[in-house]
Each structure stands twice: as C-alpha cells, then as structure tokens.
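Working notes, beginning with the structure itself.
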Amino acid sequence: MNKTELIEHIAKQADISKAAATRALEALIGGVKTTLKKNGSVSIVGFGTFAVTKRASRTGRNPRTGAAIKIKAAKVPKFRPGKALKDHLN
C-alpha cells in the first residue's frame, strides 16, 4: 500500500473527503517527525511505538573499490510493533 492508497482507505473508512484524509495523514506524519526530531517517542496504543536510536560510527567498505571508508554516527528512526498489532498478524 502506498500513500495514495492509504489516503483512499482513510477517506473511505472515516467517511471523509480525500482532501481531509490527506490533511489528517500529513498531520500525523508531521507530528511523528517533529517528536522524533526532538528525540522523543510516539506511542500509539494497539499499534506500536516510534522512537529514535543512535547508531555508532563504523568502518565500511566501498563495494566498487573495496577501500575502507568511515561511516559517521547517526540517529535512526525505529518502530517497535505493539502487542495488539503482533496478535492481529498471528
């Protein structure tokens, strides 16, 4: 499912226009991004938790030349599914 299909699904399920569904989805995504940028986490009960983790710097390899390169430390988003989502899938 891509973003357009998700918007159509939200509009149909909530009985709202596609424009309103688009605004709602953009607001959700914006809220998650803003919170993660501030090193916070977003928990949606029954769905899961979005959080930021730190990845340490490391040495990698250039696949073309095989030369060693340094990869900087980075903050990466992580998603941990909730129990209800796991139960729904199994």
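Calculate how steeply helix 3-14 sits against the longest principal axis of the alpha-carbon atoms of the chain, using the helix alpha-carbon long axis, and give the answer as 0 to 90 degrees to the nearest 10.
Orientation of helix 3-14: about 30 degrees from the principal axis.
Short version: ³J(HN,Hα) in whole Hz for each residue of the stretch 52-60, in order, from phi by Karplus 6.51 cos²θ - 1.76 cosθ + 1.60 (θ = phi - 60°), x for Gly and Pro, what are they?
Ordered by residue, 3J(HN,Hα) equals 10, 10, 9, 9, 5, 5, 7, 9, x Hz.
P(r) tail for the stretch 1-53, what percent of Cα pairs lie past 17 Å?
The calculated P(r) of the stretch 1-53 puts 47 percent of pairs beyond 17 Å.
Determine the share of the chain's accessible area contributed by carbon and sulfur atoms, expressed in whole percent, with a 1.4 angstrom probe.
57 percent
Would you mind getting the accessible area per residue of the chain, heavy atoms of the protein chains only, 1.4 Å probe, in Å²?
82 Å²
Mind counting lysine pairs for me in the chain? Cα separation below 23 Å, and the two need to be 8 or more apart along the chain or on different chains.
Close lysine pairs under the 23 Å cut-off: 25.
7 Å from Cα along Cα→Cβ at both I71 and Q13: what's the point-to-point distance in nm?
So the label points at I71 and Q13 sit 3.4 nm apart.
Angle check, please: helix 18-37 long axis (alpha carbons) against the longest principal axis of the chain (alpha carbons), in degrees 0 to 90, nearest 10.
40 degrees
At most 11 other C-beta atoms within 10 Å and a DSSP loop state: those are the exposed trypsin sites (Lys or Arg not before Pro) I care about. Give me the longest piece of the chain that has none.
Longest run free of exposed loop sites: 1-37.
Nearest 0.05, what FRET efficiency do F47 and E5 give at R0 = 22 Å with Cβ-Cβ as r?
Efficiency, rounded to the nearest 0.05: 0.75.
For the chain, place one equal point scatterer on every Cα, skip the solvent, and apply the Debye formula. What is log10 of I(q)/I(0) at q = 0.16, 0.18, 0.24 Å⁻¹?
-0.86, -0.95, -1.16
The values are calculated or read from the model by the stated rules, or taken from the named source; none is laboratory data. Just so you know, these numbers come straight off a predicted model, no measurement behind them. Here the Cβ is made from the backbone with ideal geometry for all residues, glycine too, and neighbour counts use every protein chain on show. Calculation scope for accessible area: heavy atoms of the full protein, side chains included, ligands and nucleic acids excluded. Shrake-Rupley method; radii C 1.70, N 1.55, O 1.52, S 1.80 Å.
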